[in-house]
Amino acid sequence: MLYTDKVIENFQNPKNVGELEDANAVGEVGSPACGDIMKMFMKINDDGVIEDISFKTYGCGAAIATSSVATEMLKGKTVEEARKLTNQQVIDELGGLPPVKIHCSVLAEEAIQAALDDYEKNHKKGESADIEIEVE
Ligand code: FES
């Protein structure tokens, strides 16, 4: 199976590339299958909505294309909705991926989950810090 036009388009003109300076959620994962690395940055507002999202990847074309599409799918979504995004949905959005490239989309899904874990960890810390201030 060859790459779909949408994969090629997203590889050649990826969206949301780079670091988000005011990100409050960052996730980084590496693929044991190929050694590629992916990093996701999100800016999540007080309502739990992903206002902005970007990625950086030292990876293959399929990893770049899946991250690009995944960031587009998640912009404006809530943390809860983002938790449910699967690599299969991203593959479907791209019109398919060759079987040897499925792990690249898994990397994108894992980087998203890692960023959401980071957000939830920081968010809980923030809440308890508020309580401490109130007690003082
Ligand atoms: Fe490693 Fe695609 S070959 S992420």
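What to note about this one:
- Residue in region 49-65 that is in a helix (DSSP H, G or I), of a type in the set (Lys, Arg) and within 16 Å of the ligand (Cβ to nearest atom) present: no
- Filter pass, Leu85 being under 10 Å from the mean Cα position of the chain (by Cα), surrounded by 15 or more Cβ atoms within 10 Å (Cβ to Cβ) and modelled with pLDDT of 95 or more: yes
- Put simply, of Val100, Val29 the only residue that is of a type in the set (A, V, I, L, M), within 13 Å of the ligand (Cβ to nearest atom) and either at pLDDT 95 or above or within 11 Å of the chain's Cα centre (by Cα) (or both) is Val29.
- The residue pairs whose first member lies in region 80-100 and is part of a helix (DSSP H, G or I), whose second member is surrounded by fewer than 12 Cβ atoms within 10 Å (Cβ to Cβ), and whose beta carbons are closer than 8 Å, counting only pairs six or more residues apart or on different chains, are Pro99/Met1.
- Checking each residue in region 25-37 for being in contact (Cβ under 8 Å) with a residue 24 or more places away in the chain, part of a loop (DSSP other than H, G, I, E, B) and surrounded by fewer than 17 Cβ atoms within 10 Å (Cβ to Cβ) picks out Ala33, Cys34.
The values are calculated or read from the model by the stated rules, or taken from the named source; none is laboratory data. For clarity, every value in this text was computed on a predicted model and none was experimentally measured. Every residue, glycine as well, gets a Cβ built from its backbone with ideal geometry; the counts of neighbours run over all protein chains shown.
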